[in-house]
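Please read the structure below before turning to the comments.
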Amino acid sequence: MCALCRSSISYIEQIGCPHCGRAVRCTDCERHPLFVHGLTANRSAVAYSEAMKAWLHRYKFQGDTGYAAIMAGMMLQRYELLAATISNFHHQITVPPLPLYERLRRWLYQLPSVPYPDVVTFVPSTVERLIDRGFNPAERLATLLATAWNCPVMPLLTRMTDQGRQSHLGRSGRELALSGAYCCHTQALQTLCVNINTSNKSPLYILLVDDVYTTGSTVRACAGALTGALRNYGISSIICSYTWARA
């Protein structure tokens, strides 16, 4: 990127809300805690400024898929610092032994030893939007993240209904529109059950990826669907969401 583009990036430098990762205190999370819906926490790489809105519009609505690598790179750059703030699940997830070069890298750049996901999943699109866009923006970001972390990416969710674009809706309107909109992808969930290490008693760390966290309605609905399905399969899990931007 050129210097002008780099200077326009509005990275979230401090966490004001330990739940949704907003840079300032969030009264919405105090009224409607994420954990009630099975979501431990959300983190985002950037604040959703006007410049970031323009980037997302180019990527999501004009089909400029080159932005996927740039946005995923920003998420990779911020992940370790942001994940370190999610202290309420660190004691539950075992950080595997790291190779010497990785320990040296983290020591050199003063990066915390935070766990990476056991599996990455993403907010699904409807068939109509996939046909219209030709791709799922969240899936592309999730795939790039999972590739960098050398962990599996799985389509654990499917979209059941489509109430259209929700950018004009408030929190209550989004909650109503998304009620029952997501369910678990049965075949993908069965594959996950076959492949997980059942001898490991630690909870399965699942990272849910989306492009923007606005009111949290989407990630809450997805986490609720995942939590219920995993419980039915007897799988203990910790679900966190990671979005490129926080509105």
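Can you go through 147, 218 and tell me which one is at pLDDT 90 or above, open to solvent by less than 40 Å² (accessible area, probe 1.4 Å) and assigned to a helix (DSSP H, G or I)? Exactly one residue qualifies, and that residue is 218. For residue 184, the conditions (1) open to solvent by 10 Å² or more (accessible area, probe 1.4 Å); (2) at pLDDT 75 or above; (3) out of contact with any helix residue (DSSP H, G or I) (no Cβ under 8 Å at 6 or more places or on another chain) all hold with the exception of (3). Restricting attention to segment 1-28, the residues that are in contact (Cβ under 8 Å) with a residue 40 or more places away in the chain and not small (Gly, Ala, Ser) total 9. Picking from residues in segment 18-45 that are over 18 Å from residue 239 (Cβ atoms) and either open to solvent by less than 50 Å² (accessible area, probe 1.4 Å) or of a type in the set (D, E, K, R) (or both), the one that is nearest to the chain's Cα centre (by Cα) is 45. Whether a residue is touching a strand residue (DSSP E or B) at 6+ places or on another chain (Cβ under 8 Å) and β-branched (Val, Ile, Thr) was assessed, and residue 27 does not pass this test.
Here is a yes/no grid of residues against (1) under 29 Å from residue 102 (Cα atoms); (2) in a loop (DSSP other than H, G, I, E, B); (3) modelled with pLDDT of 90 or more; (4) among the aliphatic types (A, V, I, L, M):
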{"site": "35", "(1), (2), (3), (4)": "no, no, yes, no"}
{"site": "43", "(1), (2), (3), (4)": "yes, no, yes, no"}
{"site": "51", "(1), (2), (3), (4)": "no, no, yes, yes"}
{"site": "68", "(1), (2), (3), (4)": "yes, no, yes, yes"}
{"site": "73", "(1), (2), (3), (4)": "yes, no, yes, no"}
{"site": "78", "(1), (2), (3), (4)": "yes, no, yes, no"}
{"site": "81", "(1), (2), (3), (4)": "yes, no, no, yes"}
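Are any residues in segment 124-139 in contact with a Pro (Cβ under 9 Å, 6 or more places away or on another chain), assigned to a loop (DSSP other than H, G, I, E, B) and either open to solvent by 70 Å² or more (accessible area, probe 1.4 Å) or not polar (S, T, N, Q) (or both), and if so, which ones? Matches in segment 124-139: 124 only. One residue alone among 86, 9 is at pLDDT 95 or above, part of a loop (DSSP other than H, G, I, E, B) and open to solvent by less than 30 Å² (accessible area, probe 1.4 Å), and that residue is 9.
The values are calculated or read from the model by the stated rules, or taken from the named source; none is laboratory data. Only a predicted model underlies this, so the values are computations on that prediction, with no experimental measurement involved. As a convention, Cβ positions derive from the backbone with ideal geometry for all residues, glycine included, and neighbour counts pool all protein chains shown. With ligands, DNA and RNA removed, areas are computed over all heavy atoms of the protein, side chains included. Shrake-Rupley method; radii C 1.70, N 1.55, O 1.52, S 1.80 Å.
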